[in-house]
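The values are calculated or read from the model by the stated rules, or taken from the named source; none is laboratory data. None of these values were measured; they are calculated from a predicted model. Cβ sites come from the backbone with ideal geometry, for glycine too, and all protein chains shown count toward neighbours. Each accessible area value is taken on the protein alone, full model and side chains, heavy atoms only, with ligands, DNA and RNA left out. Shrake-Rupley method; radii C 1.70, N 1.55, O 1.52, S 1.80 Å.
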Amino acid sequence: MNLRIVPMTTAHLPSLVALEQICFPADPWSESLYRAALDNPAVAILLAEGKDGALLGYAVLSTVLDEGSLDNIAVAPEARRNGIADALLSALTAFGREHLTCLMLEVRASNAPAIALYEKHGFAAVGRRKNYYDAPREDAVLMTLTFGPE
């Protein structure tokens, strides 16, 4: 699939919020949360755009000192299984290798495709949070990717 990874700007807000509501209908982030994230230097939001500029997916990374947290990653339903999440995750891990000691995330225990993708990029399960998610109630698997000297 022909795509490019770009940083989010305020012009992307309407399409990002619409995709967020499709991908996470039970608990979507609001436009005001994304607007605040844009103004926060500790947060990076990357978008995957198609050749026509259509939003195909996005990822949100927040940092505290030298640690990163993958807060959100989503791909439009009609664009899934085309390497978009893989491309976004590759961009984030490249950033992590350059600037961070580790990346962390939580993922639904039942989300086998996402867990497989994270493992492909070197993440390892390090714990579990019981009943972390609502709608439906489910455990979160905690995963970490630690960066070391090359």
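Data for the structure
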item	result
Any pair with Cβ under 9 angstrom, 6 or more apart, that starts in region 30-45 at a residue that is under 12 Å from residue 7 (Cβ atoms) and ends at one that is in a helix (DSSP H, G or I) and open to solvent by less than 40 Å² (accessible area, probe 1.4 Å)	38/13; 43/37; 44/37; 44/92; 45/12; 45/16; 45/34; 45/37
In region 22-40, the residues that are modelled with pLDDT under 95 and not in a helix (DSSP H, G or I)	24, 25, 26, 27, 28, 29, 30, 39
Failed item in (1) within 25 Å of residue 144 (Cβ to Cβ); (2) free of Cβ contacts under 8 Å to residues at least 12 places away in the same chain, with residue 92 passing the rest	(2)
Matching residues in region 31-70 - criterion: being open to solvent by 70 Å² or more (accessible area, probe 1.4 Å) and either under 22 Å from residue 84 (Cα atoms) or of a type in the set (Asp, Glu) (or both)	31, 39, 51, 52, 67
Selection count where residues are outside any loop (DSSP other than H, G, I, E, B), touching an Asp or Glu at 6+ places or on another chain (Cβ under 8 Å), closer than 24 Å to residue 57 by Cα and not hydrophobic (A, V, I, L, M, F, W, C), scope region 98-131	3
In region 59-89, the residues that are touching a residue at least 12 places away in the same chain (Cβ under 8 Å) and part of a helix (DSSP H, G or I)	77, 79, 84, 85, 86, 87, 88, 89
Yes/no for residue 28 being open to solvent by 60 Å² or more (accessible area, probe 1.4 Å) and out of contact with any Ser or Thr (no Cβ under 9 Å at 6 or more places or on another chain)	no
Residues that are aliphatic (A, V, I, L, M) and under 16 Å from the mean Cα position of the chain (by Cα), drawn from region 2-12	5, 6, 8
